[in-house]
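A short write-up of the structure that comes next.
The values are calculated or read from the model by the stated rules, or taken from the named source; none is laboratory data. What you see is a predicted model; the values in this text were computed from it and never measured. Neighbour counts run over all protein chains shown; Cβ positions are idealised from the backbone, glycine included.
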Amino acid sequence: MEQELLALLKQHEEAARRRVEGLRAEQAVLNERIAAAEEELSELVVTQATLARVLAERDAGEGKFEQEPVRDADPDDLADPGPPVVRVATGEVSAEGDWPVLALLASANTSLRAKEICEVTEEVADNRHVETLRMRLKRMVRGEWLAEPSRGLFALADGVRAPDRS
């Protein structure tokens, strides 16, 4: 009788283990679907904000996009500091537009969220700017300049570091 009871408990344990493994597999699929849906949502938010701005400019009678105002040159900007980071193996330099983000992450001792990066590198850190930056950060992850050690946190990728300035 005791052996039968132990065997029955063992069967229940194995069935529960299979259910847990099945649920974990379903969870992995759901996590992938959530990530894809979040990416789509992010793109839609940016697209909607851009379209609203373009339509508002059109309705206001502006025939062309606003240009950035000219500012006086800062002597510190005149010296070419070079890229903030390079790929160690190849010496490859990232796109110049990515330099502020890469410089910030190179100087940070930890991974940062898109909002934190936006607050430092952008003039405005509203939802539209954060989502636009998040898409750019994801592109930089795909280009292997950044890593996403956990969802929503960004850091320099392995093999990317500040160049030696000797």
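Take GLU4 and tell me if it is in a loop (DSSP other than H, G, I, E, B), outside the structural domain of GLU131 (by TED's automatic domain parsing) and either at pLDDT 70 or above or more than 21 Å from the chain's Cα centre (by Cα) (or both).
No.
Can you say whether GLU96 is at pLDDT below 80, closer than 30 Å to LEU41 by Cβ and not hydroxyl-bearing (Ser, Thr, Tyr), as far as the supplied structure shows?
no
For ARG58, are the conditions met, namely being modelled with pLDDT of 85 or more, surrounded by 10 or more Cβ atoms within 10 Å (Cβ to Cβ) and not assigned by TED's automatic domain parsing to the domain that holds VAL141?
The answer is no for ARG58.
Going by what's in this entry, would ALA147 be described as modelled with pLDDT under 90, among the hydrophobic types (A, V, I, L, M, F, W, C) and touching an Asp or Glu at 6+ places or on another chain (Cβ under 8 Å)?
No, not satisfied.
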